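The values are calculated or read from the model by the stated rules, or taken from the named source; none is laboratory data. A quick note: this is a predicted structure, and the numbers were derived from the prediction, not measured. Virtual Cβ from ideal backbone geometry, glycine too; neighbours counted across all protein chains shown.
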Amino acid sequence: MNRTEPELRHSVSDGVATVVISHAAKRNAMTAAMWRALPGLLDGLAHDPGVRVLVLTGEGGTFCAGADISSLSEPPVPGETPQDLAVRAEEALAAFPKPTLAAVRGYCVGGGCQLATACDLRFAEDGASFGITPAKLGIVYPSSSTRRLVSLVGPAAAKYLLFSGELIDTQRALRTGLVDEVLPEGELGKRVAEFARVLTSRSQLTQAAAKEFASGRTDRDEHWAEQARGSGDTAEGVAAFLERRQPRFTWTV
């Protein structure tokens, strides 16, 4: 396979699905075809019982430099705009029913930042750069993406990013809440693998309910209480604690 061609690669190992954005010629910029492919790829991984956690990252030293503008100038599918493609992919990632983690190196800009903010958590290597750049292109950033950004970093930081289109470094991203951890160069992969293992060992029931509640849906307490009663996870968690062993949770999304 020619790895210089733009593509989304994925693999699954020990409960962790890794999706890699690969477009070396354009700093992993997303082509129209890549935007279109992501929702279907995520749907397949969501329904894979062997997947408990998803990690999104970029090939080499860059996460994603945004949308490949040259590909977005191609004739669109009828009824489809370039912004539609990005929003559908972003929403599919945000709706993924299991924990998602963006592992960021280098540039995380424009559509790349849009994807990273749609993940549940973001770990970055020191030296990474973040920016949302529609103001440099005269593009109106989608309302759903703007709300997601505001909920993550707050109105002032969101306005700074959107009004200016300026890039910020990892330390500022950490202070604003745009990233959750910053790792020294060379340690990001190890830390992401370690944390992903932690997540795979925890209750999917707890994670799924918490993810839904955190997204703003708060009308399903009884649903999740019923799921908990029938899952056996609570009994297993208590038993494992008392017996000083690792729990073996069985409820799956």
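Annotation: of all residues in the stretch 182-214 being part of a loop (DSSP other than H, G, I, E, B) and not charged (D, E, K, R), the one that is farthest from Arg122 (Cα to Cα) is Ser203.
Residues of the stretch 152-179 that are out of contact with any Gly (no Cβ under 8 Å at 6 or more places or on another chain), of a type in the set (Gly, Ala, Ser), touching a residue at least 12 places away in the same chain (Cβ under 8 Å) and loosely packed, with under 14 Cβ neighbours inside 10 Å: none at all. Being small (Gly, Ala, Ser) and under 15 Å from the mean Cα position of the chain (by Cα), is that true of even one residue in the stretch 121-131? Yes, the stretch 121-131 contains at least one residue that is small (Gly, Ala, Ser) and under 15 Å from the mean Cα position of the chain (by Cα).
I need a count of the residues in the stretch 94-120 that are over 22 Å from Ala24 (Cβ atoms) and either outside the structural domain of Ala158 (by TED's automatic domain parsing) or in contact (Cβ under 8 Å) with a residue 60 or more places away in the chain (or both). Spell out how you get there, then give the answer.
Narrowing the stretch 94-120 to residues over 22 Å from Ala24 (Cβ atoms): 94-101, 117-120.
Keeping just the survivors that are either outside the structural domain of Ala158 (by TED's automatic domain parsing) or in contact (Cβ under 8 Å) with a residue 60 or more places away in the chain (or both) gives 94, 97-99, 101, 117, 119-120.
Number of matching residues: 8.
Taking Ala116, is it part of a strand (DSSP E or B) and buried (at least 23 other Cβ atoms within 10 Å of the Cβ)? When the stated conditions are applied, Ala116 does not pass them.
Filtered by the rule that a residue be modelled with pLDDT of 95 or more, farther than 28 Å from Ser201 by Cα and outside any loop (DSSP other than H, G, I, E, B), the stretch 52-76 gives a lone residue, Cys64. Could you go through the stretch 215-227 and let me know if any residue there is in a loop (DSSP other than H, G, I, E, B), within 17 Å of the chain's Cα centre (by Cα) and within 30 Å of Lys159 (Cβ to Cβ). Checked the stretch 215-227: at least one residue is in a loop (DSSP other than H, G, I, E, B), within 17 Å of the chain's Cα centre (by Cα) and within 30 Å of Lys159 (Cβ to Cβ). Right, Val19: under 24 Å from Asp180 (Cα atoms), of a type in the set (Val, Ile, Thr) and assigned to a loop (DSSP other than H, G, I, E, B) or not? So Val19 does not fit the description; no. Here Gly79, Gly138, Gly127, Gly40 are screened, and the one residue that is over 23 Å from Ala209 (Cα atoms), modelled with pLDDT of 95 or more, in the same structural domain as Gly165 (by TED's automatic domain parsing) and assigned to a loop (DSSP other than H, G, I, E, B) is Gly127. Beta carbons closer than 6 Å, at least 6 apart along the sequence or on distinct chains, pair a first residue in the stretch 12-35 that is more than 15 Å from Leu56 (Cβ to Cβ) and touching a residue at least 40 places away in the same chain (Cβ under 8 Å) with a second that is among the hydroxyl-bearing types (Ser, Thr, Tyr) and buried (at least 21 other Cβ atoms within 10 Å of the Cβ) for Arg27/Thr62; Arg27/Tyr107. The residues of the stretch 202-231 that are farther than 19 Å from Phe96 by Cβ and either in the same structural domain as Arg105 (by TED's automatic domain parsing) or surrounded by 15 or more Cβ atoms within 10 Å (Cβ to Cβ) (or both), listed by number, are Ala228, Ser231.
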